[in-house]
Amino acid sequence: MNLVNIGEKRVFVADCDDLCSQVADEVEALLRGGEEVVLGLATGSTPLPLYAELIRRHREEGLSFAKVTSFNLDEYEGIGRDNYRSYWAEMWENLFSHVDIDPEKVHVPPSHFENAEVAAAEYEARIREAGGIDWQLLGIGRDGHVGFNEPGSDGETRTRRVDLADETREDAAPTFGGLEYVPTHAMTMGVGTILEANRIVLIARGAGKKEIVVEALTGDVGPHVPASYLRGHQNVGWFLDYAAAGIDA
Ligand code: GLP
């Protein structure tokens with residue numbers, strides 16, 4: 001594990017195993033603290049090795065999720081929870097089914113709703129009722145999105161219904177078996193919602209993320225790169241693999 005500076009921020013750079021083990025240590029420290037913990041969780045391929053490591057610690061080392069309440073960042077609009085492409089299903093397959101989390105304490109934004117504003121406000125209210133997010137995990141999209149806060153999302157945005165950017169839909173096309181099957185909308189926590197978490201951990205892996213990570217860390221802060229707003233938060237851990245940091249291993 002190396003600590004390097006990109007712009008004015010110190011970032012952790014390591015191989016995938018080390019990154020995940022370091023981030024898993026943070027989660028473990030919270031979970032073993034004995035208090036109720038509110039985790040903000042992310043989907044996509046980036047967190048999968050972390051989730052695998054947390055499952056391993058649960059199975060082999062007794063790490064318990066009994067005191068966890070979770071809030072996922074986002075969900076595609078219009079696909080049911082029984083559809084394996086939904087983020088709901090993805091989370092159950094890759095984490096929740098394998099640990100002792102209370103299903104009643106799992107929250108993922110709704111994919112179906114009559115009134116988007118009401119549904120979004122309800123999600124925000126649930127986060128508040130839980131006491132706010134202690135620890136928020138993020139990946140980053142190639143266009144600088146966090147959650148589904150696409151370029152144009154400013155730092156004040158709250159949970160809401162959003163249009164998905166073309167690039168985001170293209171990235172999701174293989175999973176959906178073609179661009180025409182990728183939803184055009186989603187429900188996402190806002191950048192402002194995310195920034196209220198006590199601690200934020202962003203993981204980026206792979207050379208495809210290098211350009212946007214550097215842009216988020218060194219470019220102008222603004223809605224053109226929603227991840228850039230993280231630089232205004234006091235407690236963000238940036239965890240990059242060598243490829244995403246553009247450093248030779
Ligand atoms: C999706 C998710 C994001 C995720 C991003 C990156 O758009 N909504 O939360 O960070 O994809 O995905 P991946 O980790 O597969 O690169």
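What follows draws every value from the coordinates through simple rules; no lab data is involved. Since the structure is predicted, the reported quantities are computational estimates derived from the model, not experimental observations. So basically every Cβ, Gly included, is an ideal-geometry build from the backbone, and we count neighbours across all protein chains shown.
Of all beta bridges DSSP finds with both residues in the chain, what is the antiparallel percent, to the nearest 5?
Of the beta bridges lying entirely in the chain, close to 40 percent run antiparallel.
Expressed as a whole number of Å, what is the distance separating the alpha-carbon centroids of the stretch 14-37 and the stretch 136-187?
26 Å
Determine the relative contact order of the stretch 57-192: mean sequence separation of Cα pairs under 8 Å and six or more apart, normalised by residue count, in whole percent.
Reported relative contact order: 28 percent.
Going highest first, how would you order 9-17, 124-132, 64-72 by mean Cβ packing within 10 Å?
Ranked from most to least packed, the peptides come out as 64-72, 9-17, 124-132.
Pairs of alpha-carbon atoms within less than 8 angstrom and 6+ residues apart define the contacts here; what relative contact order does the chain have, in percent? Walk me through the numbers before you get to the answer.
Working: 504 pairs, mean separation 57.0, N = 249.
With pairs under 8 Å counted, the relative contact order is 23 percent.
Evaluate the charge dipole of the chain about its Cα centre and quote only its size in Debye, nearest 20, assuming +1 on the Cβ of each Lys and Arg and -1 on the Cβ of each Asp and Glu.
Dipole of the chain, to the nearest 20 debye: 320 debye.
Counting each DSSP H run of 4 or more residues in the chain as -39500 (n - 2.57), what helix-only mean residue ellipticity at 222 nm follows after dividing by all residues, to the nearest 500 deg cm²/dmol?
Working: 8 runs with 81 residues, N = 249.
Theoretical 222 nm ellipticity from helices: -9500 deg cm²/dmol.
Which percent, to the nearest 5, of DSSP beta bridges fully inside the stretch 142-249 are antiparallel?
About 55 percent, rounded to the nearest 5.
State, to one decimal in nm, how far the label point of Arg59 lies from the label point of Glu114, with both points 7 Å from Cα in the Cβ direction.
Computed distance between label sites Arg59 and Glu114 equals 4.4 nm.
Might you report the magnitude of the Cβ-based charge dipole of the stretch 20-97 about its Cα centre, with Lys and Arg at +1 and Asp and Glu at -1, to the nearest 20 debye?
Taking the Cα centre of the stretch 20-97 as origin, the dipole is about 180 debye.
Cross-link partners among aspartates and glutamates for Lys210, C-alpha distance below 19 Å, same-chain residues fewer than 8 apart left out?
Straight-distance partners of Lys210: Glu8, Asp15, Asp17, Asp18, Asp143, Glu150, Glu167, Glu170, Asp171, Asp220, Asp241, Asp248.
Under the rule a/c < 1.5 gives rounded, and otherwise a/b versus b/c splits prolate from oblate, where does the stretch 110-249 land using the Cα gyration tensor?
Working: a/c = 1.93, a/b = 1.18, b/c = 1.64.
Because a/c hits 1.5 or more and a/b fails to exceed b/c, the stretch 110-249 counts as oblate.
Considering only C-alpha atoms, what is the centroid distance from the stretch 95-130 to the stretch 192-220, in Å?
About 24 Å separates the Cα centre of the stretch 95-130 from the one of the stretch 192-220.
I want the antiparallel fraction of DSSP beta bridges within the stretch 4-95, as a percent rounded to 5.
40 percent
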